[in-house]
1. For P130, indicate whether it is at pLDDT 95 or above and out of contact with any helix residue (DSSP H, G or I) (no Cβ under 6 Å at 6 or more places or on another chain).
2. Among D12, D90, which is in contact with a helix residue (DSSP H, G or I) (Cβ under 9 Å, 6 or more places away or on another chain), of a type in the set (D, E) and at negative phi?
3. Determine which single condition N265 fails, assuming it passes every other condition in (1) farther than 18 Å from A161 by Cα; (2) touching a Leu at 6+ places or on another chain (Cβ under 8 Å).
4. State which residue pairs qualify: first residue over 13 Å from V188 (Cα atoms) and inside segment 33-58, second residue of a type in the set (F, W, Y) and open to solvent by less than 10 Å² (accessible area, probe 1.4 Å) in any location, beta carbons under 8 Å apart, and separation of 6 or more residues or different chains.
5. Check whether at least one residue in segment 209-232 is among the charged types (D, E, K, R) and under 22 Å from N157 (Cβ atoms), and report yes or no.
6. Is segment 256-270 home to any residue that is more than 19 Å from the chain's Cα centre (by Cα), part of a loop (DSSP other than H, G, I, E, B) and crowded, with 18+ Cβ neighbours inside 10 Å?
7. Give, as residue ranges, the helices (runs of 4 or more DSSP H) completely inside segment 9-85 that count at least 2 residues that are farther than 27 Å from D98 by Cα and either in contact with a strand residue (DSSP E or B) (Cβ under 9 Å, 6 or more places away or on another chain) or polar (S, T, N, Q) (or both).
8. Under 9 Å by Cβ, and 6 or more places apart or on different chains, what pairs join a residue from segment 255-273 that is without any contact (Cβ under 8 Å) to a residue 40 or more places away in the chain with one that is acidic (D, E)?
Amino acid sequence: MRSAMAEAEVGDDDYGEDPTVRTLEETFAARVGKPAALFVASGVMANQIAIRVLTRPGTAVVAGRRQHVVAYEYGAAAMNAGIQFIELDDHDGMLRADDVRRARDAAAHHQPDVSLVSIEHTHMAASGAPWTAPGLRAVIDAAGPVPVHMDGARLFNAEAATGVPAAEWASGTATVMCCLSKGLCAPVGSLLAGEVDVIAEGRLARKRLGGGMRQAGVLAAPGLVALTEMVERLPEDHARARRLADAVADRWPGCGLDPARVRTNIVTFTHPEPDKLLSHLESHGVLAHAIAPETVRFVTHRDVDDDGVSRAIATLGDAPGSAG
């Protein structure tokens, strides 16, 4: 990726003149089955652009209460688009079609019109859970004329875990986002794909958010490596995450983690003293993170090899916290 950055052909992307950015956008659009795509700085920016373009102020976005766009973007959608969320149960990473219909029907009872349904695939807080194809189709059908945005930050992890191509997962959505970092290992950047007119409006929204870039080909070049060379290795991360999940469930049987549900590269579980646990792990060279009070997250990626996982598992053996 560093070599690709050094050798990238560049232009002014703010004027649409960077050939490497254009190639990246075209490559991603083809992978997810959409006519056009837009390169942006982050997944948060991609989500926020989709919401700005597909909604209108004073309306509601239906989403799971633990989705990234709801819980981990610092209230950005309310500030950037003037919307509010209708938060649905997403304990297993998915929404329920009946809940989506109920949220839409509520507009007849002095509640906000629903202008967008947002889903997350894979679902970070639910240990990186992928959707099921029938579940996704049911939600898209329940949305009816309301557009659906897919926060597919880890969409290719879903592809690797389920065998369902990314384009098939995204086929019923108005927009789909994917991060080039995370498991795909690029240093920066995400992409948003959709219809030509939606992405054209998204390009304007990116500019308004301060996301216009100049010689951005140096960032797009490693993104091309990510899309063309890094997807096929994702199952390695998934296998290592499952090893971690087994160890966590063995150490803390009451932590709410079912290892059988860990199918991608994320392990989340409850712990009564996350700060002490994280400090203990770090003192042994293992870095992890808390995503909520009493909720810890482990993530595997290319830089975590089998030896690293073994070291993490060994460190869990004398980690603080009751085993009950």
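The values are calculated or read from the model by the stated rules, or taken from the named source; none is laboratory data. None of these values were measured; they are calculated from a predicted model. Glycine also receives a Cβ, built like all others from the backbone with ideal geometry; neighbour counts cover every protein chain displayed. For the accessible areas, the whole protein counts, side chains as well, though only heavy atoms, and no ligand, DNA or RNA atoms are used. Shrake-Rupley method; radii C 1.70, N 1.55, O 1.52, S 1.80 Å.
1. no
2. Criteria check complete, one pass: D90.
3. (1)
4. Partner pairs satisfying both residue conditions: A37/F28.
5. Narrowing segment 209-232 to residues among the charged types (D, E, K, R): 214, 229, 232.
Filter again for under 22 Å from N157 (Cβ atoms), leaving 229, 232.
Taking every residue of segment 209-232 in turn, at least one turns out to be among the charged types (D, E, K, R) and under 22 Å from N157 (Cβ atoms).
6. Yes; the residues of segment 256-270 include at least one that is more than 19 Å from the chain's Cα centre (by Cα), part of a loop (DSSP other than H, G, I, E, B) and crowded, with 18+ Cβ neighbours inside 10 Å.
7. Of the helices (runs of 4 or more DSSP H) lying wholly inside segment 9-85, those with at least 2 residues that are farther than 27 Å from D98 by Cα and either in contact with a strand residue (DSSP E or B) (Cβ under 9 Å, 6 or more places away or on another chain) or polar (S, T, N, Q) (or both) span 19-32, 43-54.
8. So the pair list comes out as P259/D246; P259/D250; T270/E294.
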